[in-house]
Amino acid sequence: MNDPAFKRIYQEINENDVVLYMKGSAIFPQDGFSAAIVQILESLGLRYREIDVLLDPGQAQQRGAYHRGR
């Protein structure tokens with residue numbers, strides 16, 4: 001696929017064992033779900049890449065397109 005968003009998501013997933021698309025950041029999560037997942041990942045000692053979907057409003061749509069294209 002030639003879509004730059006698809007390529008970016010593909011690259012993020014392939015370069016990191018765990019990618020967390022969340023609202024906010026690990027330091028300042030913006031919802032309870034994001035906070036809970038961060039707490040779980042950190043309690044397990046897992047390294048992860050966090051991506052704040054609030055910084056890019058098109059991110060959810062891009063992830064949906066990536067998921068459908070796989």
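Could you tell me whether ARG70 is modelled with pLDDT under 75 and charged (D, E, K, R)? Lay out the reasoning, then the answer.
Working: modelled with pLDDT under 75: yes; charged (D, E, K, R): yes.
Judged against the criteria, ARG70 is a match.
Out of everything in region 17-44 that is within 20 Å of ASP56 (Cα to Cα) and among the polar types (S, T, N, Q), what residue ends up being farthest from the chain's Cα centre (by Cα)?
Ranking the qualifying residues of region 17-44, first place goes to GLN30.
Please work out which one of (1) within 13 Å of the chain's Cα centre (by Cα); (2) at pLDDT below 95; (3) open to solvent by 60 Å² or more (accessible area, probe 1.4 Å) is the condition PRO4 fails and give its number.
Looking at each condition in turn, PRO4 falls short on (1).
State all residues of region 15-40 that are open to solvent by 100 Å² or more (accessible area, probe 1.4 Å), more than 13 Å from VAL53 (Cβ to Cβ) and part of a helix (DSSP H, G or I); if no residue qualifies, say none.
Once the filter is applied, which keeps residues that are open to solvent by 100 Å² or more (accessible area, probe 1.4 Å), more than 13 Å from VAL53 (Cβ to Cβ) and part of a helix (DSSP H, G or I), region 15-40 yields GLU15, GLN39.
Restricting region 45-55 to residues that are of a type in the set (A, V, I, L, M) and under 9 Å from the mean Cα position of the chain (by Cα), which is farthest from ASP17 (Cα to Cα)?
The qualifying residue farthest from ASP17 (Cα to Cα) is VAL53.
Give the residue that is farthest from ARG8 (Cα to Cα), with candidates limited to residues of region 41-56 that are open to solvent by 90 Å² or more (accessible area, probe 1.4 Å) and assigned to a loop (DSSP other than H, G, I, E, B).
Looking at residues that are open to solvent by 90 Å² or more (accessible area, probe 1.4 Å) and assigned to a loop (DSSP other than H, G, I, E, B), I get LEU44.
The values are calculated or read from the model by the stated rules, or taken from the named source; none is laboratory data. Note that the structure is a prediction, hence the values are computed from the model and not measured. So basically every Cβ, Gly included, is an ideal-geometry build from the backbone, and we count neighbours across all protein chains shown. For the accessible areas, the whole protein counts, side chains as well, though only heavy atoms, and no ligand, DNA or RNA atoms are used. Shrake-Rupley method; radii C 1.70, N 1.55, O 1.52, S 1.80 Å.
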